[in-house]
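Only the coordinates and a few stated rules stand behind these numbers; no lab work does. Just so we're clear, the structure is a prediction, and the values are computed from it rather than from any experiment. Cβ placement follows ideal geometry from the backbone for every residue including glycine, while neighbour counts extend to all protein chains displayed.
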Amino acid sequence: MESRPTFAIIDTGAIKSNYVWLKKNIAKDAEILAVVKADAYGHGAVETAKALERAPAGGGCGCNFFGVAICEEGIELRKAGIKASIVILGGVYPSQIKDAVKYDLTPVVFDIETARRINNLSKKTGRHTKVHIKIDTGMGRLGLLPYQVAPFFHELKGLANLDIEGILSHFSEADEEDKRFSHKQAGIFLQTIKIVRKIGFNPRLLHIANSAAIVGHMNSHFNLVRPGIMLYGAYPAAHMIGKIKLKPAMRLVSQVVQLKKAPKGFPVSYGRKYITKKDSVIAAIPIGYGDGYPRHLSNNGQVLIRGQRARVAGMVCMDITMVDVTHIKDVSQGDEVVLIGRQGNDEITADELAEKAGTISYEILCGITSRVPRVYV
Ligand SMILES: *Cc1c(COP(=O)(O)O)cnc(C)c1O
């Protein structure tokens with residue numbers, strides 16, 4: 001059976017080209033940990049990791065590190081045959097440690113109890129498990145506070161089956177043009193590294209930079225950077241659009257499923273929030289908030305049909321959205337509708353959609369639900 005004509009078309013070539021752009025623009029000795037959490041921000045984690053991992057000869061980028069948020073995501077990548085290091089950025093829960101070790105994943109650790117558990121399990125199975133230790137330098141989320149660092153690392157000395165491969169932190173506002181708080185965080189991170197070295201550890205990988213910091217804080221790259229959003233061709237901040245040129249990797253498309261000649265005064269969708277002001281043509285599009293097209297775009301979003309913009313008419317429903325196509329000549333049933341992406345000479349970016357829906361491109365992209373088939377080109 002063929003599916004409904006609503007698809008997310010994923011251009012893995014665009015993801016690769018964004019990766020290559022990043023590679024050229026980061027500190028010389030730095031490597032890339034490609035963040036593929038939340039199903040690669042809606043683009044498909046397995047397909048994305050495969051496209052990035054394979055050595056250039058095989059058409060990939062030779063990416064050696066991937067980042068996921070949760071253990072389940074790491075296991076999915078391993079089962080799909082990804083061989084590179086997979087760092088679980090959000091850490092592991094006690095019941096997941098067995099699988100994290102078994103699948104050779106690299107948990108981020110920020111409490112001693114978890115470190116002990118991973119160590120004990122590794123000892124039992126005769127392994128050394130790589131872990132990265134997270135420091136909270138000002139994000140106020142996960143990680144050891146600076147005063148906890150020394151006692152924590154002293155404790156680690158007794159855990160011989162852990163391989164302390166990395167130490168990381170995370171910026172809270174690297175996307176801001178005012179860089180002062182980020183500088184402060186980077187300073188605390190550096191101090192922490194000094195303390196850790198004094199205690200006798202020398203983690204090979206030091207990382208703190210997300211997409212925004214890669215662009216805005218060149219001196220925060222250390223030897224590993226963690227881009228997410230930029231890999232997918234969206235921008236961590238509006239002021240960066242235009243300064244760098246990325247290729248959007250997702251096109252969200254559908255079709256006109258029904259056209260309706262509506263007289264003046266005709267109500268459209270739930271609650272009659274759109275009433276035609278003149279004789280109009282209304283098109284129904286089979287996509288709605290059940291697909292991740294935000295309901296906040298009611299009476300506000302725009303789509304492309306025949307290279308022209310058409311406005312969302314009335315409330316976005318769960319499965320269907322109406323648009324006013326009165327001004328579009330020769331509009332027909334079956335016409336392609338672009339909700340995100342390029343059509344003709346115009347383009348609707350995830351950033352534009354996010355702005356109209358009062359959110360960020362991240363939420364738009366990873367919000368496209370599993371009901372929308374991903375098609376890879
Ligand atoms: C999601 C995430 C990233 C990637 O952030 P982007 O802004 O998408 O580049 C990096 N590091 C951590 C810890 C994350 O959770």
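A few points about this structure:
- Simple Cβ-charge dipole of the chain, Lys/Arg +1 and Asp/Glu -1, about Cα centre, in debye nearest 20: 320
- q = 0.10, 0.20 Å⁻¹, the stretch 250-376: log10 I(q)/I(0) [Debye, one scatterer per Cα]: -0.28, -1.14
- GNM result for the chain, Cα springs below 10 Å: residue of T349, T321, T276 fluctuating most strongly: T276
- Sequence-distant residues sharing a close amide H with S85 (under 5 Å, placed H): F66
- The lysines whose alpha-carbon is closer than 28 Å to the alpha-carbon of K179, local same-chain residues fewer than 8 away aside, are K23, K24, K28, K37, K134, K194, K243, K245, K247, K356.
- Spatially proximal lysines relative to K329 (Cα-Cα < 22 Å; intrachain offsets below 8 disregarded): K260, K261, K264, K277, K278
- By the compact-protein rule of thumb, 2.2 N^0.38 Å, the alpha-carbon radius of gyration of the stretch 1-124 corresponds to a ratio of 1.19.
- Whole-Hz couplings from phi, Karplus 6.51/-1.76/1.60, listed for the stretch 246-255; x for Gly and Pro: 10, 9, x, 9, 10, 10, 10, 10, 8, 9
- Crossing angle, helix 180-199 versus the chain [Cα axis fit, 0-90 degrees, rounded to tens]: 30
- Between K184 and D330, the contour length at 0.36 nm per residue exceeds the Cα-Cα span by 46.7 nm.
- Kirkwood hydrodynamic radius of the chain, from the reciprocal of the average inverse Cα-Cα distance over all distinct pairs: 22.5 Å.
- Distant-in-sequence amide contacts of V337, defined by a placed amide H-H separation under 5 Å and a gap of 5 or more residues or a different chain, comprise S254, Q255, V256.
- Lys, Arg +1 and Asp, Glu -1 on Cβ, resulting dipole of the stretch 1-122 about Cα centre, debye, nearest 20: 280
- Principal axis extents of the Cα atoms in the stretch 12-232, from largest to smallest and rounded to whole angstrom, are 46, 43, 26.
- Spin-label pair E347-M139: with each label point 7 Å from Cα along the Cα-Cβ axis, the two points sit 2.9 nm from one another.
- Dipole magnitude of the stretch 250-376 about its Cα centre (Cβ charges: Lys, Arg +1; Asp, Glu -1), debye to nearest 20: 500
- Angle in degrees between helix 146-156 and the longest Cα principal axis of the chain, rounded to the nearest 10: 60
- Hypothetical label at A160: residues of the stretch 94-132 whose amide nitrogen lies under 15 Å (7 Å Cα-Cβ projection): 119-129
- Helix axis angle, 112-124 relative to the chain longest principal axis, alpha carbon, degrees: 70
- M322 long-range amide H proximity, modeled H, under 5 Å: I285, A313, C317
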